[in-house]
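A short worksheet on the structure shown next.
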Amino acid sequence: MYFLIPTIVTCALCEVLGWSGRYWSSQNPLASTPFMIQITSTIIAPSFMTAAMFIILGRIMTIVGVEYSRLRPKTFSILFVTADIVALAIQGAGGGIASSAEDDDPHGAERGAQIMVAGIIIQMGESDSGHAT
């Protein structure tokens, strides 16, 4: 479990960076840098925790007993960490599309935001299904 401390510290630093960017953005709403800092940091930070959570859950299943789970512990960790990475990639793609949209094309920004929301929904769905397993 040696990886927990760096994981928690990385998550916390990303969250602090994201919320600092959000505060900076509220003070200077026309600047794009604080917006980009807050949107990327607050999207990436929870991924570290969910990945650690699924690895820990796999280890707990090994201790409690594999017969109480629908999946083997290693399969469980690989499946959900992969799903978390895919969801993060979808969110990143949506953020990239939204941030690269031209000022005269509001549909590009909206399309990127919808893709980001789809990635968030996928991440929430895989987290919920992980709790149900």
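Residues being more than 17 Å from the chain's Cα centre (by Cα) and among the aromatic types (Phe, Trp, Tyr): count how many of those fall in the stretch 46-86.
Residues in the stretch 46-86 being more than 17 Å from the chain's Cα centre (by Cα) and among the aromatic types (Phe, Trp, Tyr): 2 in total.
Mind counting the residues in the stretch 1-22 that are surrounded by fewer than 11 Cβ atoms within 10 Å (Cβ to Cβ) and free of Cβ contacts under 8 Å to residues at least 40 places away in the same chain?
Selection size over the stretch 1-22: 2.
From the list 88, 57, 71, which residue is part of a helix (DSSP H, G or I) and more than 27 Å from residue 109 (Cβ to Cβ)?
Residue meeting the stated conditions: 57.
Out of the residues in the stretch 25-37 that are open to solvent by 20 Å² or more (accessible area, probe 1.4 Å) and part of a helix (DSSP H, G or I), which is farthest from residue 87 (Cα to Cα)?
In this case the residue turns out to be 27.
Of the residues that make up the stretch 82-105, is at least one at pLDDT 85 or above, β-branched (Val, Ile, Thr) and crowded, with 16+ Cβ neighbours inside 10 Å?
yes
For the stretch 38-62, which residues satisfy the criterion of being β-branched (Val, Ile, Thr) and either crowded, with 18+ Cβ neighbours inside 10 Å or more than 30 Å from residue 24 (Cβ to Cβ) (or both)?
39, 40, 43, 44, 50, 55, 56, 60, 62, listed by residue number.
Restricting the search to the stretch 87-106, which residues are under 19 Å from residue 39 (Cβ atoms) and over 16 Å from the mean Cα position of the chain (by Cα)?
Correct list: 97, 98, 99, 100, 101, 102, 103, 105, 106.
The values are calculated or read from the model by the stated rules, or taken from the named source; none is laboratory data. These numbers come from a predicted model, not from an experiment. Using ideal geometry, Cβ is built from the backbone for each residue, glycine included, and neighbour counts are taken over all protein chains shown. Calculation scope for accessible area: heavy atoms of the full protein, side chains included, ligands and nucleic acids excluded. Shrake-Rupley method; radii C 1.70, N 1.55, O 1.52, S 1.80 Å.
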